[in-house]
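Peer 1: The structure under discussion is supplied below as C-alpha coordinates; questions concerning it will follow.
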Amino acid sequence: MRQFRRKIRDLLVEREGNFGVMTALILPVLLGTAGIAIDATNLFLSKAQLQDATDAAALAVSSRLADKKIDSTAGSEYGKNFVAGRFSTTADAATLAALKTGTTVSITTKAQGTSGKSFEVAVNARLAVPLTPLTRLVFGQEVNVATVSKTVSGYGGPRGLSMEVLLDTSGSMAFATTTQRTRCKVPLLNICLLYETYFVTKLDAVKEAATALFDGLDNVDPTPKFIRTGVINYANGLVGQSAMAWGTTKSRSQLASITRAEGGTDATNSVDTATVNIKVNATKTDTESLEQKKNGNDPVDRAIVLMTDGEMTGAGATWDPTIDNNVRQKCTSAKAAGIQVYTVAFMAPAKGHELLKFCATTPANYYESNTVDALIAAFAEIAQKATAQPSRLTN
(Lines give C-alpha, C1' and ligand atoms only; values in the text may rest on other atoms or scores of the structure.)
Protein backbone atom coordinates (compact mmCIF):
# COMPACT_ATOMS: atom_id res chain seq x y z
CA MET A 1 0.00 0.00 0.00
CA ARG A 2 2.88 2.36 0.83
CA GLN A 3 4.43 1.62 -2.57
CA PHE A 4 1.15 2.31 -4.40
CA ARG A 5 0.78 5.65 -2.67
CA ARG A 6 4.31 6.60 -3.66
CA LYS A 7 3.62 5.87 -7.33
CA ILE A 8 0.48 7.98 -7.27
CA ARG A 9 2.42 10.82 -5.63
CA ASP A 10 5.18 10.53 -8.21
CA LEU A 11 2.62 10.65 -11.04
CA LEU A 12 1.06 13.80 -9.67
CA VAL A 13 4.42 15.45 -9.19
CA GLU A 14 5.76 14.40 -12.61
CA ARG A 15 4.97 17.15 -15.18
CA GLU A 16 6.25 15.62 -18.42
CA GLY A 17 3.92 12.63 -18.62
CA ASN A 18 0.77 14.34 -17.39
CA PHE A 19 0.19 16.27 -20.63
CA GLY A 20 -0.01 13.10 -22.65
CA VAL A 21 -2.32 11.42 -20.18
CA MET A 22 -4.60 14.44 -19.91
CA THR A 23 -4.63 14.84 -23.67
CA ALA A 24 -5.58 11.22 -24.09
CA LEU A 25 -8.39 11.65 -21.60
CA ILE A 26 -9.73 15.04 -22.77
CA LEU A 27 -9.27 14.86 -26.56
CA PRO A 28 -12.15 12.43 -27.17
CA VAL A 29 -14.38 14.65 -25.03
CA LEU A 30 -13.38 17.75 -26.97
CA LEU A 31 -13.85 16.04 -30.32
CA GLY A 32 -17.17 14.62 -29.20
CA THR A 33 -18.36 18.03 -28.02
CA ALA A 34 -17.29 19.64 -31.29
CA GLY A 35 -19.03 16.88 -33.23
CA ILE A 36 -22.24 17.34 -31.26
CA ALA A 37 -22.11 21.10 -31.88
CA ILE A 38 -21.61 20.54 -35.61
CA ASP A 39 -24.42 17.97 -35.74
CA ALA A 40 -26.76 20.20 -33.72
CA THR A 41 -26.15 23.04 -36.18
CA ASN A 42 -26.69 20.73 -39.16
CA LEU A 43 -29.92 19.42 -37.66
CA PHE A 44 -31.20 22.93 -36.97
CA LEU A 45 -30.38 24.16 -40.49
CA SER A 46 -31.77 21.01 -42.12
CA LYS A 47 -35.04 21.31 -40.21
CA ALA A 48 -35.35 24.99 -41.13
CA GLN A 49 -34.68 24.17 -44.79
CA LEU A 50 -37.19 21.32 -44.71
CA GLN A 51 -39.80 23.59 -43.08
CA ASP A 52 -39.32 26.17 -45.83
CA ALA A 53 -39.73 23.42 -48.43
CA THR A 54 -42.95 22.03 -46.96
CA ASP A 55 -44.39 25.53 -46.46
CA ALA A 56 -43.69 26.40 -50.09
CA ALA A 57 -45.02 23.06 -51.31
CA ALA A 58 -48.27 23.37 -49.36
CA LEU A 59 -48.86 26.90 -50.68
CA ALA A 60 -48.03 25.83 -54.24
CA VAL A 61 -50.44 22.89 -54.12
CA SER A 62 -53.19 25.04 -52.58
CA SER A 63 -52.77 27.75 -55.20
CA ARG A 64 -52.88 25.33 -58.11
CA LEU A 65 -55.94 23.60 -56.69
CA ALA A 66 -57.71 26.95 -56.29
CA ASP A 67 -56.74 27.92 -59.85
CA LYS A 68 -58.08 24.56 -61.12
CA LYS A 69 -54.71 23.71 -62.66
CA ILE A 70 -54.45 20.35 -60.86
CA ASP A 71 -56.79 17.97 -59.07
CA SER A 72 -56.28 16.21 -55.74
CA THR A 73 -54.57 13.18 -57.29
CA ALA A 74 -52.06 15.26 -59.22
CA GLY A 75 -51.69 17.60 -56.23
CA SER A 76 -50.19 14.86 -54.05
CA GLU A 77 -47.45 14.01 -56.55
CA TYR A 78 -46.86 17.69 -57.29
CA GLY A 79 -46.27 18.41 -53.59
CA LYS A 80 -43.78 15.54 -53.19
CA ASN A 81 -41.81 16.63 -56.23
CA PHE A 82 -41.85 20.23 -55.00
CA VAL A 83 -40.30 19.32 -51.63
CA ALA A 84 -37.62 17.13 -53.23
CA GLY A 85 -36.90 19.85 -55.79
CA ARG A 86 -35.90 22.27 -53.03
CA PHE A 87 -32.97 19.95 -52.18
CA SER A 88 -31.99 19.04 -55.76
CA THR A 89 -28.82 21.15 -55.73
CA THR A 90 -27.54 19.97 -52.33
CA ALA A 91 -28.54 16.31 -52.02
CA ASP A 92 -27.60 13.18 -53.96
CA ALA A 93 -30.06 10.99 -55.84
CA ALA A 94 -30.50 8.50 -53.00
CA THR A 95 -31.28 11.26 -50.49
CA LEU A 96 -33.78 12.85 -52.87
CA ALA A 97 -35.51 9.51 -53.43
CA ALA A 98 -35.71 8.89 -49.68
CA LEU A 99 -37.02 12.42 -49.11
CA LYS A 100 -39.75 11.96 -51.69
CA THR A 101 -40.70 8.62 -50.14
CA GLY A 102 -40.80 10.24 -46.70
CA THR A 103 -43.12 13.03 -47.85
CA THR A 104 -46.89 12.74 -47.69
CA VAL A 105 -49.42 15.21 -49.07
CA SER A 106 -53.00 14.98 -47.85
CA ILE A 107 -55.75 17.03 -49.48
CA THR A 108 -59.25 17.49 -48.06
CA THR A 109 -61.84 18.92 -50.45
CA LYS A 110 -65.18 20.41 -49.41
CA ALA A 111 -68.02 21.91 -51.45
CA GLN A 112 -68.73 25.62 -51.08
CA GLY A 113 -71.93 27.16 -52.38
CA THR A 114 -73.30 25.97 -55.71
CA SER A 115 -70.02 25.70 -57.62
CA GLY A 116 -67.19 26.42 -55.19
CA LYS A 117 -64.69 24.24 -53.36
CA SER A 118 -62.35 24.66 -50.43
CA PHE A 119 -59.07 22.80 -49.95
CA GLU A 120 -57.09 21.88 -46.85
CA VAL A 121 -53.57 20.74 -47.69
CA ALA A 122 -51.13 19.14 -45.24
CA VAL A 123 -47.55 18.34 -46.27
CA ASN A 124 -45.50 16.11 -43.94
CA ALA A 125 -41.84 15.46 -44.71
CA ARG A 126 -38.96 13.56 -43.12
CA LEU A 127 -35.26 14.05 -43.89
CA ALA A 128 -32.36 11.86 -42.67
CA VAL A 129 -29.36 13.96 -41.55
CA PRO A 130 -25.99 12.09 -41.33
CA LEU A 131 -24.01 12.50 -38.07
CA THR A 132 -20.29 12.96 -37.48
CA PRO A 133 -18.30 9.79 -36.53
CA LEU A 134 -18.07 10.30 -32.76
CA THR A 135 -21.75 11.31 -32.46
CA ARG A 136 -22.68 8.14 -34.32
CA LEU A 137 -21.31 6.08 -31.41
CA VAL A 138 -24.21 7.34 -29.29
CA PHE A 139 -27.01 8.26 -31.72
CA GLY A 140 -26.38 6.03 -34.72
CA GLN A 141 -25.59 6.85 -38.34
CA GLU A 142 -28.25 9.53 -38.83
CA VAL A 143 -31.11 11.39 -37.20
CA ASN A 144 -34.44 12.15 -38.86
CA VAL A 145 -35.89 15.66 -38.78
CA ALA A 146 -39.56 16.11 -39.61
CA THR A 147 -41.82 19.05 -40.44
CA VAL A 148 -45.48 19.62 -41.27
CA SER A 149 -47.14 22.50 -43.15
CA LYS A 150 -50.87 23.13 -43.52
CA THR A 151 -52.71 25.53 -45.82
CA VAL A 152 -56.25 26.40 -46.81
CA SER A 153 -57.48 27.74 -50.15
CA GLY A 154 -60.47 27.51 -52.43
CA TYR A 155 -62.69 29.22 -54.95
CA GLY A 156 -66.29 30.23 -55.12
CA GLY A 157 -66.62 30.51 -51.37
CA PRO A 158 -68.77 32.91 -49.37
CA ARG A 159 -66.45 35.92 -49.35
CA GLY A 160 -67.38 39.55 -49.96
CA LEU A 161 -66.27 41.10 -53.25
CA SER A 162 -66.80 44.60 -54.64
CA MET A 163 -65.74 44.88 -58.28
CA GLU A 164 -65.70 47.71 -60.83
CA VAL A 165 -65.43 46.72 -64.52
CA LEU A 166 -63.88 49.40 -66.78
CA LEU A 167 -64.52 48.93 -70.51
CA ASP A 168 -62.94 50.86 -73.35
CA THR A 169 -65.61 52.11 -75.78
CA SER A 170 -63.39 54.45 -77.81
CA GLY A 171 -63.70 54.73 -81.59
CA SER A 172 -61.37 51.82 -82.40
CA MET A 173 -63.73 49.45 -80.59
CA ALA A 174 -66.04 49.74 -83.60
CA PHE A 175 -63.44 47.96 -85.77
CA ALA A 176 -64.15 44.42 -86.89
CA THR A 177 -62.22 41.44 -85.57
CA THR A 178 -61.30 38.37 -87.61
CA THR A 179 -64.01 36.30 -85.89
CA GLN A 180 -67.05 35.48 -88.01
CA ARG A 181 -70.53 34.64 -86.78
CA THR A 182 -73.83 33.78 -88.47
CA ARG A 183 -77.16 35.45 -87.72
CA CYS A 184 -80.65 35.48 -89.15
CA LYS A 185 -81.22 38.24 -91.69
CA VAL A 186 -84.83 37.48 -92.68
CA PRO A 187 -86.95 35.96 -89.87
CA LEU A 188 -90.58 34.91 -90.39
CA LEU A 189 -92.84 33.38 -87.75
CA ASN A 190 -89.91 32.04 -85.73
CA ILE A 191 -88.36 30.67 -88.90
CA CYS A 192 -85.24 32.14 -90.49
CA LEU A 193 -85.58 32.49 -94.24
CA LEU A 194 -82.11 33.92 -94.79
CA TYR A 195 -78.87 33.87 -92.79
CA GLU A 196 -75.88 36.14 -93.12
CA THR A 197 -72.26 35.91 -92.03
CA TYR A 198 -70.66 38.89 -90.34
CA PHE A 199 -67.48 39.89 -88.53
CA VAL A 200 -67.73 40.50 -84.79
CA THR A 201 -66.69 44.01 -83.78
CA LYS A 202 -64.37 44.66 -80.87
CA LEU A 203 -67.26 46.26 -78.98
CA ASP A 204 -69.47 43.19 -79.43
CA ALA A 205 -66.56 41.01 -78.35
CA VAL A 206 -65.95 42.91 -75.13
CA LYS A 207 -69.66 42.81 -74.31
CA GLU A 208 -69.59 39.03 -74.72
CA ALA A 209 -66.48 38.85 -72.53
CA ALA A 210 -68.01 41.00 -69.79
CA THR A 211 -71.09 38.78 -69.89
CA ALA A 212 -68.84 35.75 -69.32
CA LEU A 213 -67.35 37.55 -66.31
CA PHE A 214 -70.79 38.26 -64.86
CA ASP A 215 -71.91 34.67 -65.52
CA GLY A 216 -68.93 33.43 -63.54
CA LEU A 217 -69.71 35.74 -60.63
CA ASP A 218 -73.37 34.73 -60.63
CA ASN A 219 -72.44 31.04 -60.55
CA VAL A 220 -70.53 31.70 -57.35
CA ASP A 221 -73.12 33.98 -55.75
CA PRO A 222 -76.55 33.41 -57.35
CA THR A 223 -78.56 34.92 -54.49
CA PRO A 224 -76.63 37.41 -54.36
CA LYS A 225 -75.24 37.97 -50.87
CA PHE A 226 -71.52 38.43 -51.33
CA ILE A 227 -70.73 40.13 -54.66
CA ARG A 228 -71.38 43.71 -55.70
CA THR A 229 -70.46 45.04 -59.14
CA GLY A 230 -70.47 48.18 -61.24
CA VAL A 231 -69.57 49.02 -64.86
CA ILE A 232 -67.79 52.10 -66.18
CA ASN A 233 -67.40 52.58 -69.92
CA TYR A 234 -64.91 55.20 -71.06
CA ALA A 235 -63.39 56.80 -74.14
CA ASN A 236 -61.70 60.19 -73.85
CA GLY A 237 -62.99 60.33 -70.30
CA LEU A 238 -65.81 58.60 -68.44
CA VAL A 239 -68.78 57.99 -70.77
CA GLY A 240 -71.25 56.11 -68.56
CA GLN A 241 -71.49 54.01 -65.43
CA SER A 242 -73.79 51.94 -63.28
CA ALA A 243 -73.70 52.45 -59.52
CA MET A 244 -72.28 49.64 -57.41
CA ALA A 245 -75.07 47.17 -56.64
CA TRP A 246 -75.59 43.62 -55.43
CA GLY A 247 -75.06 40.97 -58.07
CA THR A 248 -74.69 41.75 -61.75
CA THR A 249 -78.19 42.83 -62.85
CA LYS A 250 -77.48 46.57 -62.99
CA SER A 251 -74.05 45.97 -64.49
CA ARG A 252 -75.62 43.89 -67.26
CA SER A 253 -78.10 46.68 -67.92
CA GLN A 254 -75.27 49.18 -68.27
CA LEU A 255 -73.46 46.78 -70.58
CA ALA A 256 -76.56 46.41 -72.77
CA SER A 257 -76.88 50.19 -73.01
CA ILE A 258 -73.47 50.51 -74.67
CA THR A 259 -74.21 50.74 -78.40
CA ARG A 260 -71.63 53.18 -79.73
CA ALA A 261 -67.86 53.29 -79.90
CA GLU A 262 -66.37 56.72 -80.52
CA GLY A 263 -63.73 59.16 -79.35
CA GLY A 264 -60.17 58.86 -78.14
CA THR A 265 -58.85 56.97 -75.11
CA ASP A 266 -58.14 58.22 -71.59
CA ALA A 267 -58.76 55.92 -68.61
CA THR A 268 -57.53 58.41 -65.98
CA ASN A 269 -60.89 59.55 -64.64
CA SER A 270 -62.41 56.08 -64.90
CA VAL A 271 -59.70 54.41 -62.81
CA ASP A 272 -59.90 57.22 -60.27
CA THR A 273 -63.71 57.00 -60.06
CA ALA A 274 -63.62 53.22 -59.64
CA THR A 275 -61.01 53.52 -56.89
CA VAL A 276 -63.07 56.10 -54.99
CA ASN A 277 -66.19 53.96 -55.38
CA ILE A 278 -64.81 50.78 -53.84
CA LYS A 279 -61.74 51.52 -51.71
CA VAL A 280 -62.00 50.94 -47.97
CA ASN A 281 -61.29 53.70 -45.48
CA ALA A 282 -59.53 53.35 -42.13
CA THR A 283 -62.76 53.13 -40.12
CA LYS A 284 -64.60 50.94 -42.66
CA THR A 285 -67.38 53.48 -42.93
CA ASP A 286 -67.10 53.72 -46.71
CA THR A 287 -70.18 52.82 -48.72
CA GLU A 288 -68.98 49.40 -49.84
CA SER A 289 -67.95 48.33 -46.34
CA LEU A 290 -71.29 49.39 -44.92
CA GLU A 291 -73.28 47.66 -47.67
CA GLN A 292 -71.23 44.46 -47.37
CA LYS A 293 -71.63 44.45 -43.59
CA LYS A 294 -75.41 44.28 -44.05
CA ASN A 295 -74.83 40.71 -45.18
CA GLY A 296 -72.11 40.05 -42.61
CA ASN A 297 -69.24 40.24 -45.10
CA ASP A 298 -65.95 41.28 -43.52
CA PRO A 299 -63.27 41.35 -44.80
CA VAL A 300 -64.22 42.28 -48.36
CA ASP A 301 -62.05 41.96 -51.47
CA ARG A 302 -61.92 44.98 -53.80
CA ALA A 303 -61.16 44.58 -57.51
CA ILE A 304 -60.93 46.62 -60.70
CA VAL A 305 -60.96 45.10 -64.19
CA LEU A 306 -59.40 47.52 -66.69
CA MET A 307 -59.72 46.71 -70.38
CA THR A 308 -58.49 48.61 -73.45
CA ASP A 309 -57.77 47.89 -77.09
CA GLY A 310 -55.42 50.81 -77.55
CA GLU A 311 -53.07 53.31 -75.99
CA MET A 312 -53.79 56.54 -74.14
CA THR A 313 -54.36 59.20 -76.80
CA GLY A 314 -56.76 61.58 -75.10
CA ALA A 315 -58.80 63.47 -77.69
CA GLY A 316 -56.06 62.98 -80.28
CA ALA A 317 -55.03 60.07 -82.44
CA THR A 318 -51.51 59.42 -81.13
CA TRP A 319 -50.10 58.20 -77.85
CA ASP A 320 -49.86 60.89 -75.19
CA PRO A 321 -47.14 60.17 -72.56
CA THR A 322 -48.69 62.62 -70.10
CA ILE A 323 -52.05 60.86 -70.12
CA ASP A 324 -50.31 57.48 -69.98
CA ASN A 325 -48.43 58.61 -66.88
CA ASN A 326 -51.64 59.95 -65.32
CA VAL A 327 -53.28 56.54 -65.70
CA ARG A 328 -50.24 54.87 -64.16
CA GLN A 329 -50.51 57.17 -61.14
CA LYS A 330 -54.19 56.31 -60.71
CA CYS A 331 -53.38 52.59 -60.98
CA THR A 332 -50.67 53.02 -58.35
CA SER A 333 -53.18 54.70 -56.04
CA ALA A 334 -55.69 51.90 -56.59
CA LYS A 335 -53.13 49.22 -55.73
CA ALA A 336 -51.96 51.22 -52.70
CA ALA A 337 -55.58 51.22 -51.50
CA GLY A 338 -55.54 47.42 -51.43
CA ILE A 339 -57.52 47.01 -54.65
CA GLN A 340 -56.68 44.00 -56.81
CA VAL A 341 -56.27 45.31 -60.37
CA TYR A 342 -56.82 42.98 -63.34
CA THR A 343 -55.99 44.28 -66.81
CA VAL A 344 -56.91 43.00 -70.27
CA ALA A 345 -55.29 44.15 -73.50
CA PHE A 346 -57.43 43.32 -76.53
CA MET A 347 -55.64 43.54 -79.88
CA ALA A 348 -53.74 46.47 -78.40
CA PRO A 349 -50.49 48.14 -79.56
CA ALA A 350 -47.22 48.01 -77.60
CA LYS A 351 -47.90 51.12 -75.52
CA GLY A 352 -51.23 49.67 -74.44
CA HIS A 353 -49.52 46.45 -73.34
CA GLU A 354 -46.90 48.34 -71.36
CA LEU A 355 -49.49 50.41 -69.53
CA LEU A 356 -51.69 47.47 -68.60
CA LYS A 357 -48.72 45.40 -67.45
CA PHE A 358 -47.81 48.26 -65.12
CA CYS A 359 -51.36 48.65 -63.82
CA ALA A 360 -51.91 44.96 -63.04
CA THR A 361 -51.34 44.08 -59.39
CA THR A 362 -49.24 41.07 -60.40
CA PRO A 363 -48.06 39.69 -63.77
CA ALA A 364 -50.67 36.95 -63.36
CA ASN A 365 -53.38 39.63 -63.34
CA TYR A 366 -52.41 40.84 -66.82
CA TYR A 367 -54.08 39.30 -69.88
CA GLU A 368 -53.08 39.80 -73.49
CA SER A 369 -55.86 38.75 -75.87
CA ASN A 370 -55.64 38.90 -79.66
CA THR A 371 -58.78 36.94 -80.49
CA VAL A 372 -62.42 37.09 -79.40
CA ASP A 373 -62.22 33.64 -77.81
CA ALA A 374 -59.09 34.60 -75.85
CA LEU A 375 -60.80 37.77 -74.62
CA ILE A 376 -63.84 35.84 -73.39
CA ALA A 377 -61.59 33.27 -71.70
CA ALA A 378 -59.63 36.04 -69.97
CA PHE A 379 -62.74 37.61 -68.45
CA ALA A 380 -64.04 34.20 -67.38
CA GLU A 381 -60.74 33.43 -65.66
CA ILE A 382 -60.81 36.77 -63.86
CA ALA A 383 -64.16 35.75 -62.36
CA GLN A 384 -62.53 32.59 -61.01
CA LYS A 385 -59.49 34.40 -59.63
CA ALA A 386 -61.49 37.20 -58.04
CA THR A 387 -63.67 34.73 -56.14
CA ALA A 388 -60.83 32.39 -55.14
CA GLN A 389 -59.82 32.25 -51.51
CA PRO A 390 -56.17 33.22 -51.04
CA SER A 391 -53.88 30.35 -50.07
CA ARG A 392 -52.54 30.77 -46.56
CA LEU A 393 -50.60 28.80 -44.00
CA THR A 394 -52.58 27.72 -40.94
CA ASN A 395 -49.85 26.18 -38.76
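Peer 1: For region 324-338, in order, what is each residue's ³J(HN,Hα) by Karplus, 6.51 cos²θ - 1.76 cosθ + 1.60 with θ = phi - 60°, in whole Hz (x at glycine and Pro)?
Peer 2: Result, rounded to whole Hz: 4, 5, 4, 5, 4, 5, 5, 5, 4, 5, 5, 5, 5, 7, x.
Peer 1: Amide H neighbours of D320 under 5 Å, counting only residues 5+ apart in sequence or on other chains, H built in-plane at 1.01 Å?
Peer 2: M312, T313
Peer 1: Express in nm, to one decimal, how much length is gained between A111 and T371 on full extension, taking 0.36 nm for each residue of separation and deducting their alpha carbon distance. Before the final figure, lay out the partial values.
Peer 2: Working: separation 260, 0.36 × 260 = 93.60 nm, distance 3.40 nm.
That works out to 90.2 nm of additional length.
Peer 1: What length, rounded to one decimal in nm, is gained on full extension from A317 through to V200, with 0.36 nm per residue of separation minus their alpha-carbon distance? Don't skip to the answer; put the middle values down first.
Peer 2: Numbers: separation 117, 0.36 × 117 = 42.12 nm, distance 2.34 nm.
Gain on stretching A317 to V200: 39.8 nm.
Peer 1: Summing -39500 (n - 2.57) over the DSSP H runs of n ≥ 4 in the chain and dividing by its residue number, what mean residue ellipticity at 222 nm do you reach, to the nearest 500 deg cm²/dmol? Please report the intermediate quantities before stating the final value.
Peer 2: Numbers: 12 runs with 178 residues, N = 395.
That calculation yields -14500 deg cm²/dmol at 222 nm.
Peer 1: Past the 22 Å Cα-Cα mark, which pairs from K47/K100; K117/K279; K80/K150? Don't skip to the end; give the middle numbers.
Peer 2: Numbers: K47/K100 16 Å; K117/K279 27 Å; K80/K150 14 Å.
As for pairs spanning more than 22 Å Cα to Cα, those are K117/K279.
Peer 1: Given a 1.4 angstrom probe, what's the average accessible area per residue across the chain, in square angstrom? Walk me through the intermediate numbers first.
Peer 2: On the way: 20440 Å² over 395 residues.
It amounts to 52 Å² per residue over the chain.
Peer 1: Next question, about the same structure. Name the shape class, rounded, prolate or oblate, that the alpha-carbon gyration tensor gives for region 172-264, where a ≥ b ≥ c are the square roots of its eigenvalues, rounded holds for a/c under 1.5, and otherwise prolate holds if a/b is larger than b/c and oblate otherwise. Could the numbers behind the result be given before it?
Peer 2: Numbers: a/c = 2.43, a/b = 1.39, b/c = 1.75.
Oblate.
Peer 1: Okay, moving on. Tally up the carbon and sulfur contribution to the accessible surface of the chain as a whole percent, 1.4 Å probe, everything protein left in place.
Peer 2: Numbers: 11590 of 20440 Å².
The value for the chain is 57 percent carbon and sulfur by accessible area.
Peer 1: Show the residues, 5+ positions off or on another chain, whose built amide H is closer than 5 Å to the amide H of T103.
Peer 2: R126
Peer 1: Quick one: if you take sqrt(5λ) for each eigenvalue of the C-alpha gyration tensor of the chain, what semi-axes come out, biggest first, whole angstrom? Walk me through the intermediate numbers first.
Peer 2: Working: eigenvalues 858, 107, 85 Å².
Ellipsoid half-lengths, sorted descending, are 66, 23, 21 Å.
Peer 1: Ordered by packing density, taken as the mean number of other Cβ atoms within 10 Å over each peptide's residues, highest first, how do 259-272, 302-315 rank?
Peer 2: Numbers: 259-272: 20.4, 302-315: 24.1.
Per-residue Cβ counts within 10 Å, averaged per peptide and sorted highest first, yield 302-315, 259-272.
Peer 1: So, taking all protein chains as they sit and a 1.4 Å probe, how much accessible area belongs to R126, in Å² rounded to tens?
Peer 2: 120
Peer 1: Between V239 and residues 5 or more places away or on another chain, which pairs have amide H atoms under 5 Å apart, with H built 1.01 Å from N, and which residues are they?
Peer 2: Placed amide hydrogens put N233, Y234 under 5 Å from V239.
The values are calculated or read from the model by the stated rules, or taken from the named source; none is laboratory data. Here the structure is a predicted model, which is why all the values come from computation and not from measurement. When we count neighbours, we look across all protein chains shown, and the Cβ atoms used for this are built from the backbone with ideal geometry, even at glycine. These area figures cover heavy atoms from the full protein model, side chains too; ligands, DNA and RNA do not enter into them. Shrake-Rupley method; radii C 1.70, N 1.55, O 1.52, S 1.80 Å.
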